[in-house]
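Novice: Sharing a structure, written as C-alpha cells. Questions coming.
The values are calculated or read from the model by the stated rules, or taken from the named source; none is laboratory data. Here the structure is a predicted model, which means the values were calculated and not measured. Glycine gets a Cβ as well: all are built from the backbone with ideal geometry, and neighbour counts include every protein chain shown. We work out accessible area using only protein heavy atoms, side chains counted, and drop any ligands, DNA or RNA first. Shrake-Rupley method; radii C 1.70, N 1.55, O 1.52, S 1.80 Å.
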Amino acid sequence: FRSLPRILKNVNKTDLSLNLLGEKFPMPIILAPTAMQKLCHPEGELGVLRAAKSRGVLMCLSTISSTPMVEVAKEAKGHPMWFQLYVKTDRKMTQKLVRYCEKYGFSTIVVTVDAPVLGYRERDFMIKFSIPKTFNYKDITDDKKPTENAQSNTNAKKNDKPNSELFSFFDSNMETTIDWEFITWLRSITKLKIVLKGVHRVDDALRAMDMAVDGIIVSNHGGRQLDTVPSTIEMLVPIAKAIKRRDPNHKMEIYVDGG
C-alpha cells in the first residue's frame with residue numbers, strides 16, 4: 001500500500017468529519033481499547049476519556065479496564081462510547097457486561113475475535129507481570145481478583161504455565177470455543193450495534209457481512225497476538241475490495257487499526 005497524493009487541490013478549508021455508525025465525529029480517529037490504563041497514569045481510563053471529549057473523538061473502553069464502567073460512564077456525560085468485549089467462559093457474566101453497556105449508555109459492543117487464547121508474550125513472562133491489587137475488576141469478576149476465578153482452560157501442567165497474571169487471567173476466564181454462534185446469540189440479546197475486532201481474512205469479513213454485523217475492525221492485535229500475520233494495511237485492501245464487489249452499497253463499516 002502506498003499513498004498517492006493529489007496535487008493542485010485547494011486545502012484552505014478541510015473537513016475530516018465523518019459518521020461512525022450514525023454518530024458524527026470531527027475526525028476519523030477512534031481511541032482503541034487498551035487494558036489497565038492506570039498502569040500508565042493514575043487517572044487511567046478517565047484521563048483518556050477526558051482527552052477524547054476535548055477533541056470530540058470516540059473512545060472504546062476495554063473489558064479489562066482498571067476503572068469500573070459506571071465511573072467511566074459518569075465521566076462521559078453523554079459523550080459517545082464503545083465497549084470492547086472479551087467473551088468469558090461464563091455466558092451469564094458476558095450477558096452481564098452487555099446489560100452494563102445498555103445501562104451505562106454505550107452504543108456499540110466491539111467483540112474481540114482474534115484472542116480466544118492470549119498470545120505468548122515473552123516480555124510479560126520475563127518480568128513476571130502481575131496485576132496491581134488496587135485495580136477494581138468487579139465488572140468482570142464478581143469482586144474476585146482475576147486470577148482467583150475458574151480453573152485453567154488448558155491442559156498444561158502447572159509448572160509449565162507462564163508466570164504472568166494476565167496470561168493466567170485469560171487462561172482461566174476467557175472462552176476458547178467462541179464461534180459464529182456467539183454472534184447470533186449476542187444479536188439475540190441486545191439491540192446495541194456489534195463490531196468484530198480482529199478480522200484478518202476476506203472470507204471471514206464476508207461472513208461477518210452476511211451476518212449483518214454493523215462493522216469490522218481489520219486488526220492484528222498490535223502484532224502481539226500472532227506474530228506471523230500481515231500488517232493491517234496489507235489485510236485491509238483485499239478485504240475492502242471483496243466487500244465492495246459483494247455489495248457496492250454495503251452498510252457494514254470497515255475500520256483499521258495500527259500498532
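Novice: For the chain, calculate the relative contact order in percent as a whole number, restricting contacts to Cα pairs under 8 Å that are 6 or more residues apart. Could the numbers behind the result be given before it?
Specialist: Working: 376 pairs, mean separation 39.5, N = 259.
Relative CO of the chain lands at 15 percent.
Novice: Net charge near residue 251, counting Lys/Arg +1 and Asp/Glu -1 over other residues with Cβ under 13 Å of its Cβ?
Specialist: Numbers: positive: 193, 244, 246; negative: 210, 214, 247, 253.
Summing Lys/Arg as +1 and Asp/Glu as -1 gives -1.
Novice: What accessible surface, in Å², does a 1.4 Å probe find on residue 252, ignoring ligands, DNA and RNA and rounding to the nearest 10?
Specialist: Looks like 10 Å² after rounding.
Novice: Residues with amide H under 5 Å of residue 110's amide H, sequence separation 5 or more or different chain, H placed in the peptide plane at 1.01 Å from N; which?
Specialist: 83, 84, 85, 195
Novice: Still on this structure, please answer the following. Using DSSP to define loop residues, name the trypsin sites (Lys or Arg not before Pro) in the range 1-75 whose beta-carbon has at most 11 other beta-carbon atoms within 10 Å. Could you put the intermediate results ahead of the total?
Specialist: Numbers: sites: 2, 6, 9, 13, 24, 38, 50, 53, 55, 74; in loops: 2, 6, 9, 13.
Taking the range 1-75 and a limit of 11 other Cβ atoms within 10 Å, the loop trypsin sites (Lys or Arg not before Pro) found are 2, 6, 9, 13.
Novice: Moving to a separate point now. Could you work out which residue, out of 211, 235, 36, moves most in a Gaussian network model of the chain, that is, has the largest mean-square fluctuation with Cα springs under 10 Å?
Specialist: Checking each option, the largest mean-square fluctuation is seen for 211.
Novice: Still on this structure, please answer the following. Considering only 231, 105, 168, whose Cα is most displaced toward the positive end of the charge dipole of the chain, charges sitting on Cβ of Lys, Arg (+1) and Asp, Glu (-1)?
Specialist: 105
Novice: Next question. Pick from 228, 108, 34: which is most flexible by mean-square fluctuation in a GNM of the chain where alpha carbon atoms under 10 Å apart are linked?
Specialist: Greatest mean-square fluctuation among the candidates belongs to 228.
Novice: Separation of the range 204-222 and the range 57-78 by C-alpha centroid, Å?
Specialist: When both Cα centres are located, 24 Å separates them.
Novice: Okay, next question. Name the long-range amide H neighbours of residue 18: under 5 Å, sequence gap of 5 or more, or other chain; modelled H, no Pro or chain starts.
Specialist: Amide H neighbours of residue 18: 25, 27.
Novice: Would you mind telling me which residue in 62, 188, 231 has the biggest mean-square fluctuation in a Gaussian network model of the chain, where springs connect alpha carbons within a distance under 10 angstrom?
Specialist: The residue that fluctuates most here is 188.
Novice: Counting Lys and Arg as +1 and Asp and Glu as -1, what is the net charge of the other residues whose Cβ lies under 11 Å from the Cβ of residue 201?
Specialist: Details: positive: 207; negative: 114, 203, 204.
Summing Lys/Arg as +1 and Asp/Glu as -1 gives -2.
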